[in-house]
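See structure below.
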Amino acid sequence: MPRPGPRLRLIDVAERAGVSLATASRALAGREGVSEEVAGRVRQVAQELGYVANPYARTLAGGASSTVGLVVHQVDDPYFSEIAGGVIQVAAEEGLLVQICHSGRDPDAELRQLRHLIAQRVGIILVAGSGYDDARIEAEARAELAEFQSQGGRVAVIGRHALGVDAVLPDNEAGGRALAEHLLDLGHRHIAVAAGTAGLTTVADRLAGVATALRQRGLSLDDLPVVHSDFTRDGGRVAAERILRDHPRATAIIALNDAMAIGVLSTLRAHRIPVPERMSVVGFDDVSVAADLAPSLTTIRLPMTDMGRMALSLALKPRSTRPRRRSTGHHLVVRDSTGPAPTVLTASRADGDRTGAGDLSGAVGPVG
């Protein structure tokens, strides 16, 4: 049944008149392509319901808007810049413009950006970046996007589980498992995790993959130090400092994205800790600079540019009755930042273990 009062929507008119949203929009706007009989019925239903035409809704339903709104967590993170590149490629092919917004992994800021884009009358909204594991946090964004779609807007997301829209889903859990298996195969057992911000579904999924690999070897994630900090390069530096201070036995660090891995490598270099001879490091995403680091970074490759292309392509398709899901797959890329676990403890290291402290820079060396 139509909803009374100011919340009455164009889709209510369309459903009562038995026509599509686009047909109702064209009929009320006086556009061609609708028979006079159908247009008259739509106008009559609108008058009976007391519907006042919304120019914004007409724009969306008619497909006239030429702007795509893209909301990302971190505009200066290569992960998001590569996704944006894919979106821009498809937009150029379709004659669309792209407006990029930055949320800083703040759900309140993200909600403000969504409302801003809707107020700017964009035709398509894309949201790229992890969701939040608290359903209450996601509820308002989900409601905004549902209303936007009901007015004819189109939506797709990357890396979000719970927004009820078309989604491109990175292979986060399987990638986390592959990273842990790689380190375990190299003999590492004292592994630490630079985990990124708690509460992000991406962090939870990648940790779940690590946990699966550990269980298969008779180990537990509960026995590993998991250090949460910002999901950024600076966050990687902070996590690495804590690991070196509090967990001197660690021989490998899993950073749950490449930005954090870059920060980890920077901290290890500052402490003159050789990689991978003393400490192996892995990342996740395979951003464009990962191969150019010194040492080059072992990581999980996600097709980030293709993810952007996939998301906009989904949004451009006619809306389906159920949200569509597209998995990205993943690929482990082994480079110079990982090597066999060191196997010889020196006297200084043993002393450090007894005291709970000690300088890691020369405490352990490989056999040979």
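The values are calculated or read from the model by the stated rules, or taken from the named source; none is laboratory data. Since the structure is predicted, the reported quantities are computational estimates derived from the model, not experimental observations. Here Cβ is always computed from backbone atoms with ideal geometry, including for glycine, and neighbour counts include all displayed protein chains. Just the protein is used for accessible areas: all its heavy atoms, side chains included, with ligands, DNA and RNA removed. Shrake-Rupley method; radii C 1.70, N 1.55, O 1.52, S 1.80 Å.
Some points to look at:
- FRET efficiency, LEU219 to SER66 (Cβ-Cβ, R0 56 Å, nearest 0.05): 0.55
- Each of ASP76, ASP134 has its accessible area taken with a 1.4 Å probe; listed largest first, they run ASP76, ASP134.
- Taking a ≥ b ≥ c as the square roots of the eigenvalues of the alpha-carbon gyration tensor, segment 185-309 is classed rounded because a/c is under 1.5.
- Interchain or long-range residues, amide H under 5 Å from HIS331's placed H: ARG301
- Nonlocal amide H pairs with ARG324, under 5 Å, H built at 1.01 Å: ASP166, ALA167
- Among SER288, ILE83, THR67 the positive-end extreme of the charge dipole of the chain (Cβ point charges): THR67
- Per residue value of the accessible surface for the chain (all protein chains in place, 1.4 Å probe), Å²: 45 Å²
- Angle in degrees between helix 135-150 and the longest Cα principal axis of the chain, rounded to the nearest 10: 30 degrees
- For SER288, the solvent-accessible surface with a 1.4 Å probe is about 80 Å², rounded to the nearest 10.
- Residue among VAL13, LEU207, ALA139 farthest towards the positive dipole end of the chain, charges placed on Cβ: VAL13
- Excluding exposed DSSP-loop GluC sites (Glu not before Pro) (at most 15 other C-beta within 10 Å), longest clean stretch of the chain: 33-276
- Antiparallel bridges, percent of DSSP beta bridges restricted to the chain (to nearest 5): 15 percent
- The portion of the accessible surface of segment 142-238 made up by carbon and sulfur, rounded to a whole percent, is 46 (1.4 Å probe; DNA, RNA and ligands excluded).
- 3J(HN,Hα) from dihedral phi, segment 307-319, Karplus parametrisation 6.51/-1.76/1.60, rounded to Hz, x for glycine, proline: 4, x, 4, 4, 5, 5, 4, 4, 5, 7, 6, x, 5
- Which of ILE88, ILE118, ILE300 is most accessible, then next, and so on - probe 1.4 Å: ILE88, ILE118, ILE300
- Convex hull volume of the C-alpha atoms in the chain, normalised per residue: 135 Å³.
- Modelled FRET efficiency - R0 22 Å, THR343 with ARG272, Cβ distances, 0.05 increments: 0.60
- Rounded to 10°, Cα long-axis angle of helix 107-119 versus longest principal axis of the chain: 30 degrees
- Segment 248-305: C-alpha gyration tensor shape, a/c 1.5 cut-off, then a/b vs b/c: prolate
- Principal-axis analysis of the Cα atoms of the chain puts helix 172-185 at an angle of about 10° to the longest axis.
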